[in-house]
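Engineer: If you scroll down you'll find the structure; I have some questions about it.
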Amino acid sequence: MLKALFTYDYGKEKMKKIEELGYKVLIRDENKVVFEEEFNDVNILVCYNPFSTLDISLMQNLKWIQLSSIGVDQVPKDVVLARKITVTNNKGGYSIPIGEWIVLKILEMLKNSREFYEKQKNKVWKMDTSLLELYNKTVGFIGTGTIAQEAAKRLKGFDVNILGVNTNGRKVEYFDECFSMQNLKDMLSRCDIVVVAVPFTKETYHLINDDIISSMKDGVFLINIARGSVIDTDALIKALNTKKIKKAALDVFEEEPLSEDSPLWDMENVIITPHNSWISEMRNERRFNLIYENMKRYIEGRELLNIVDIIKGY
């Protein structure tokens, strides 16, 4: 019988469904799990990030890691590559709530929502005539994966022009034009709003730096839901101070939790959320549905969904 270690308990009913597929299931707390003798014959690890305490190199029969995240940078790549362990992620599992979050933050920035909330808090009745329309704006996505696609689908109703950058400039549904990464600057020069939605890899580390920011329009609006390290924080702060970037909505940061000393906290043109854009009441349902489907495929010997190239990181 195949054995699976879960570091999150999806509830009695759901775990029973996994057992009914033919698995023996172990459940441990992800924040505390350490290697046990009982893990010697575990074939499958279903988790997010237990790797700071759990040494998977000791799990001699581990063949497959199913992640509940989209990102894979937490996985010990050296062990995975040496042991040829298959890694699958939760690609698409959080795309709907993040897509909604992107639309929300675009509108909040254009409509000065933060400023109105401050006025309400201080009981200030003062009209603001600087609000902008989303209509006819150009929104550019760095990355055209499932998150960008869900956001682009929702933005279509606002009559915006939607541009995207991906590796080779391939066409993607909901995008009016797509560019290759080599033409990133050309795309950015046309955008009123830029959404960073590219996977984090060694190639995308500090992709958004002084040079790339300089190619953007003056007064651009910026959103980051990818990984904090895709943006050079110092370059971002400088651009926010000079208003090259008029406003930014940031859900991810190079250092998480964001340090209390970070100047980003006190910037009036920054909206900060604590890596929260993926949350919705459907998150566990979608996550479990993917896990169940892949575990069904695995025991039936069929190809798994969302296999990740661990070297590329996506």
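The values are calculated or read from the model by the stated rules, or taken from the named source; none is laboratory data. Quick caveat, the model's predicted, so the values are computed rather than measured. FYI the Cβ positions are ideal-geometry reconstructions off the backbone, even for glycines, and counts take in every protein chain you see.
Engineer: Could you check, for the range 198-221, whether at least one of its residues is of a type in the set (Phe, Trp, Tyr), under 25 Å from Ser130 (Cβ atoms) and crowded, with 18+ Cβ neighbours inside 10 Å? It would help to see each step written out before you state the result.
Structural biologist: As a first pass, look at the range 198-221 and keep what is of a type in the set (Phe, Trp, Tyr): 200, 205, 221.
Going one step further and asking which of them are under 25 Å from Ser130 (Cβ atoms), we end up with 221.
Filter once more, keeping what is crowded, with 18+ Cβ neighbours inside 10 Å: 221.
Yes, the range 198-221 contains at least one residue that is of a type in the set (Phe, Trp, Tyr), under 25 Å from Ser130 (Cβ atoms) and crowded, with 18+ Cβ neighbours inside 10 Å.
Engineer: Another one. Consider Glu20 carefully, then state whether it is under 23 Å from Lys296 (Cβ atoms) and without any contact (Cβ under 8 Å) to a residue 24 or more places away in the chain. Don't jump to the end; show me each part of the working.
Structural biologist: Details: under 23 Å from Lys296 (Cβ atoms): yes; without any contact (Cβ under 8 Å) to a residue 24 or more places away in the chain: yes.
So Glu20 fits the description; yes.
Engineer: Okay, next question. Inspect the range 60-83 for any residue being touching a residue at least 40 places away in the same chain (Cβ under 8 Å), in a loop (DSSP other than H, G, I, E, B), more than 24 Å from Thr146 (Cα to Cα) and in contact with a Ser or Thr (Cβ under 9 Å, 6 or more places away or on another chain) and give the result as yes or no.
Structural biologist: Scanning the range 60-83 turns up no residue that is touching a residue at least 40 places away in the same chain (Cβ under 8 Å), in a loop (DSSP other than H, G, I, E, B), more than 24 Å from Thr146 (Cα to Cα) and in contact with a Ser or Thr (Cβ under 9 Å, 6 or more places away or on another chain).
Engineer: Here is a further query. Any residue in the range 231-242 that's closer than 9 Å to Asn209 by Cα: show its pairings with residues that are modelled with pLDDT of 95 or more at Cβ separation under 6 Å, as long as the two are six or more apart or on different chains.
Structural biologist: Note: pairs meeting the criteria are Ile231/Ile208; Ile231/Asn224; Asp232/His206; Asp232/Asn209; Thr233/Glu254; Ala235/Asn209; Ala235/Asp210; Ala235/Ile213.
Engineer: Here's something else I'd like to know. Consider only pairs whose beta carbons are under 6 Å apart and that are at least six residues apart or on different chains; among these, list those whose first residue lies in the range 145-173 and is of a type in the set (Lys, Arg) and whose second residue is assigned to a loop (DSSP other than H, G, I, E, B).
Structural biologist: Lys153/Tyr174
Engineer: Just to verify a result, which residue in the range 279-314, among those that are among the hydrophobic types (A, V, I, L, M, F, W, C) and in a loop (DSSP other than H, G, I, E, B), is surrounded by the fewest Cβ atoms within 10 Å (Cβ to Cβ)? Give the steps one after another, and end with the answer.
Structural biologist: So in the range 279-314, the residues among the hydrophobic types (A, V, I, L, M, F, W, C) come out as 279, 282, 288, 290-291, 295, 299, 304-305, 307-308, 310-311.
Narrowing the set further to residues that are in a loop (DSSP other than H, G, I, E, B) leaves 279, 282, 304-305, 308, 310-311.
Details: Ile279: 13, Met282: 13, Leu304: 15, Leu305: 15, Val308: 21, Ile310: 18, Ile311: 10.
Among those residues, the one meeting the criterion is Ile311.
Engineer: If you check Glu30 against the conditions, is it acidic (Asp, Glu) and assigned to a helix (DSSP H, G or I)?
Structural biologist: It is false that Glu30 is acidic (Asp, Glu) and assigned to a helix (DSSP H, G or I).
Engineer: Of all residues in the range 29-65, which are under 15 Å from Ile85 (Cβ atoms) and in contact with an Asp or Glu (Cβ under 7 Å, 6 or more places away or on another chain)?
Structural biologist: The answer is Cys47, Pro50, Asn61.
Engineer: Only residues that are of a type in the set (D, E, K, R) and crowded, with 20+ Cβ neighbours inside 10 Å: list them for the range 89-113, please.
Structural biologist: If we filter the range 89-113 for residues that are of a type in the set (D, E, K, R), which is where we start, we get 91, 100, 105, 108, 111.
Listed by number, the residues that qualify are Lys91, Lys105.
Engineer: If Ser57 satisfies every condition in (1) touching a residue at least 60 places away in the same chain (Cβ under 8 Å); (2) of a type in the set (Gly, Ala, Ser); (3) assigned to a helix (DSSP H, G or I) but one, which is the exception?
Structural biologist: For Ser57, the failing item is (1).
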